[in-house]
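All remarks here apply to the structure that follows.
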């Protein structure tokens, strides 16, 4: 693993370095603990969805924790995983690929592929017999912040036809689905698992593996999601739906795997008389996901010397640093009344997508990650 300087915690670094750019703080200990939680609790193979955070330090620490399989969506992600773990199993579950991407994936030794239509299956005709190909199912299932089925996946009827074709062409048949991002409802997984069993029966195919996707919710506000409840429901429902010969299980957490391992520290650039705040990060930066899933609800405010602000909280409009008037967090944040220019607002649970979605618009981009022992 790469040697990286480590600070005790974000507050110590902020107090000493006084960064004026938004800064990401990363805890390897938290990430490795989360990886172990998934591997110990989920009854199957745990793969990490690299799209959530492809930082080398993240991949290195997942490998150190024992993760040996990764969900990749592009040749660039495949190369990143190979750099961290040359013998890792690569699952290419982005079901739409160019022929050049397919060639690159074959060169990287992809172990499992997914498809959601006949045309994409035809592109894979040159793969070796026995290669695992999973048919991706889409259902109108509620329970997530937004639905992936609008973009990918086949309905049950089309999926059954496609699954039979996968088997007929000599590939190892499997199925996969994604319940949607930030899904905390075990019923969503149960609906999909039962539908997959119905599809397999209709196709007359015994599937080798069932990938129950990502979608596991990260802790953004309120109580932390009960991941173990979902793990237990997945195992029980698979047994009920498939009977004596259930498929091996796979999951591909991204957000829930890495979110808790990172804190984003933003700095207050200005406090207006009306109470509105300007931060040095916003919807074009590490807070980009606020537009789709709401602003993070877990945050604290520190003075430049590290002292927590504790004034009576009040709702405040929060703007980002760019010259675009759209650069504004949705809804107000309840911030301490004594928050002042130069203070730091630290958002917890920011390991997923914060860095990968940041645009650098107007020259603002989060720096780091700075490695810390604890968050």
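The values are calculated or read from the model by the stated rules, or taken from the named source; none is laboratory data. Owing to the predicted nature of the structure, the values given are computational and were not obtained by experimental measurement. Quick reminder, even Gly has a Cβ in these numbers, built from the backbone with ideal geometry, and neighbours come from all protein chains shown.
Which is closer than 26 Å to residue 287 by Cβ and part of a loop (DSSP other than H, G, I, E, B), of 54, 95, 86?
54
Regarding residue 15, is this residue in contact (Cβ under 8 Å) with a residue 60 or more places away in the chain and not assigned by TED's automatic domain parsing to the domain that holds residue 180?
Numbers: in contact (Cβ under 8 Å) with a residue 60 or more places away in the chain: yes; not assigned by TED's automatic domain parsing to the domain that holds residue 180: yes.
For residue 15, the condition - in contact (Cβ under 8 Å) with a residue 60 or more places away in the chain and not assigned by TED's automatic domain parsing to the domain that holds residue 180 - is met.
Please indicate, with yes or no, whether at least one residue in the range 313-333 is surrounded by fewer than 18 Cβ atoms within 10 Å (Cβ to Cβ) and under 19 Å from the mean Cα position of the chain (by Cα).
The answer is no; no qualifying residue exists.
Which condition from (1) within 13 Å of residue 261 (Cα to Cα); (2) outside the structural domain of residue 89 (by TED's automatic domain parsing) is the one that residue 62 breaks?
Checking residue 62 against (1) within 13 Å of residue 261 (Cα to Cα); (2) outside the structural domain of residue 89 (by TED's automatic domain parsing), the one that fails is (2).
What number of residues in the range 277-313 are touching a strand residue (DSSP E or B) at 6+ places or on another chain (Cβ under 7 Å) and without any contact (Cβ under 8 Å) to a residue 24 or more places away in the chain?
Residues flagged as touching a strand residue (DSSP E or B) at 6+ places or on another chain (Cβ under 7 Å) and without any contact (Cβ under 8 Å) to a residue 24 or more places away in the chain within the range 277-313 amount to 1.
Please tell me if residue 136 is surrounded by fewer than 20 Cβ atoms within 10 Å (Cβ to Cβ), in contact with a helix residue (DSSP H, G or I) (Cβ under 9 Å, 6 or more places away or on another chain) and without any contact (Cβ under 8 Å) to a residue 60 or more places away in the chain.
Working: surrounded by fewer than 20 Cβ atoms within 10 Å (Cβ to Cβ): no; in contact with a helix residue (DSSP H, G or I) (Cβ under 9 Å, 6 or more places away or on another chain): yes; without any contact (Cβ under 8 Å) to a residue 60 or more places away in the chain: yes.
So residue 136 does not fit the description; no.
Looking at 201, 233, 229, 291, can you tell me which residue is in the same structural domain as residue 311 (by TED's automatic domain parsing) and outside any loop (DSSP other than H, G, I, E, B)?
Result: 291 is the single residue among 201, 233, 229, 291 that is in the same structural domain as residue 311 (by TED's automatic domain parsing) and outside any loop (DSSP other than H, G, I, E, B).
So, in the range 109-130, how many residues would count as being at pLDDT 95 or above, surrounded by fewer than 18 Cβ atoms within 10 Å (Cβ to Cβ) and in a loop (DSSP other than H, G, I, E, B)? Can you show your working first?
Filtering the range 109-130 for residues at pLDDT 95 or above gives 109-124, 127-130.
Of the ones still in play, those that are also surrounded by fewer than 18 Cβ atoms within 10 Å (Cβ to Cβ) are 109, 111, 117-119, 122-123, 128-130.
Within this subset, residues satisfying the condition of being in a loop (DSSP other than H, G, I, E, B) are 109, 111, 117, 128-130.
Final tally of qualifying residues: 6.
Can you tell me which residue within the range 334-357, out of those that are crowded, with 17+ Cβ neighbours inside 10 Å and under 19 Å from residue 274 (Cβ atoms), is nearest to the chain's Cα centre (by Cα)?
345
Take the conditions at pLDDT below 95 and on the phi > 0 side of the Ramachandran plot and apply them to residue 243. Does it pass?
Here the answer is yes, as residue 243 does meet what is asked.
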